[in-house]
Amino acid sequence: MMQQDGTLSSDEVARFDALAADWWAPNGPMAPLHQMNPLRAGWIEQRIRQRFPADLPGEILDIGCGAGLLSEALAGRGFPVLGLDAATAAIRAAETHAAGRGLPLRYRAGRLELLVEEGARFPIVTALELIEHVPDPARFLELLATVVVPGGLLFLSTLNRTLRALATAKIGAEYVARLLPRGTHDWRQFMPPRQLGAYATRAGLRPLASAGMSYDPWRRRWVESRDLSINYIMAFEKPAAVGAGN
């Protein structure tokens, strides 16, 4: 039985904590994320700069940052970033990897609920490859929406619940190619874009853009595509308050 602590599963936190020491190994258990990360970071950067062409008015909050793959990539592009994760060993690995690099980056071990209780708010929030690991996605979206400022953006990426995703991202990646540790994903928790969009809309967010993330074997890299049947990323905005800026 999945042990739940707030919006997170304690079992999932422990699973990713155990991977902390190998998180930054390019050919280790997080190799698929290493390969996908330039596409994810670039897609997010483009939309941040469209929304905030001048300086970003605050930090990016990277929820479920793990050992900091996306956090470091965004900080390296000049954005101030706070990486948050409940896996304390992963946070220590993130801090060690970033040490001495002079990046506008800080990390914190903890859960999203703590930031909500503190009243923390951010112009940009990212939660990539995370929604498929939480026991109550609808509630998680509500909390994410809470920490986004009006006019801010939320970025989510996950796996679609299709037979193609089952064959490639679950069976193929975990059991055939062994790109991921067995048990990393539960196909029943994969989420169709329409369902993710419905949860976000219910939480007061407005969908802005979506894209598939597909591996191109000819170019040997991940590329943006129209195919959302396996990996995809979505951007949402929190509508500005009525009368704001008047």
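What the table shows:
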| quantity | calculated |
| --- | --- |
| Sole residue being more than 18 Å from the chain's Cα centre (by Cα), at pLDDT below 95, surrounded by fewer than 16 Cβ atoms within 10 Å (Cβ to Cβ) and closer than 15 Å to GLY110 by Cβ, chosen from ASP55, ASP5 | ASP5 |
| Unmet criterion (only one of (1) of a type outside the set (Ser, Thr, Tyr); (2) modelled with pLDDT of 85 or more; (3) in contact with a Lys or Arg (Cβ under 8 Å, 6 or more places away or on another chain)) for PRO26 | (3) |
| Residues that are touching a residue at least 24 places away in the same chain (Cβ under 8 Å) and out of contact with any Phe, Trp or Tyr (no Cβ under 8 Å at 6 or more places or on another chain), drawn from the range 46-67 | ARG51, PHE52, PRO57, ASP62, ILE63, GLY64 |
| Residue match in the range 188-196 (condition: modelled with pLDDT under 85 and either buried (at least 19 other Cβ atoms within 10 Å of the Cβ) or touching a Leu at 6+ places or on another chain (Cβ under 7 Å) (or both)) | yes |
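Listed here are the residues, each with its yes/no results for (1) farther than 22 Å from TRP222 by Cβ; (2) touching a helix residue (DSSP H, G or I) at 6+ places or on another chain (Cβ under 7 Å); (3) modelled with pLDDT of 95 or more.
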site: LEU39; (1), (2), (3): no, no, yes
site: ASP62; (1), (2), (3): no, yes, yes
site: ARG77; (1), (2), (3): no, yes, yes
site: ALA89; (1), (2), (3): yes, yes, no
site: ALA98; (1), (2), (3): yes, yes, yes
site: PRO104; (1), (2), (3): yes, yes, yes
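The values are calculated or read from the model by the stated rules, or taken from the named source; none is laboratory data. Here the structure is a predicted model, which is why all the values come from computation and not from measurement. Cβ atoms come from the backbone with ideal geometry, glycine included; neighbour counts cover every protein chain shown.
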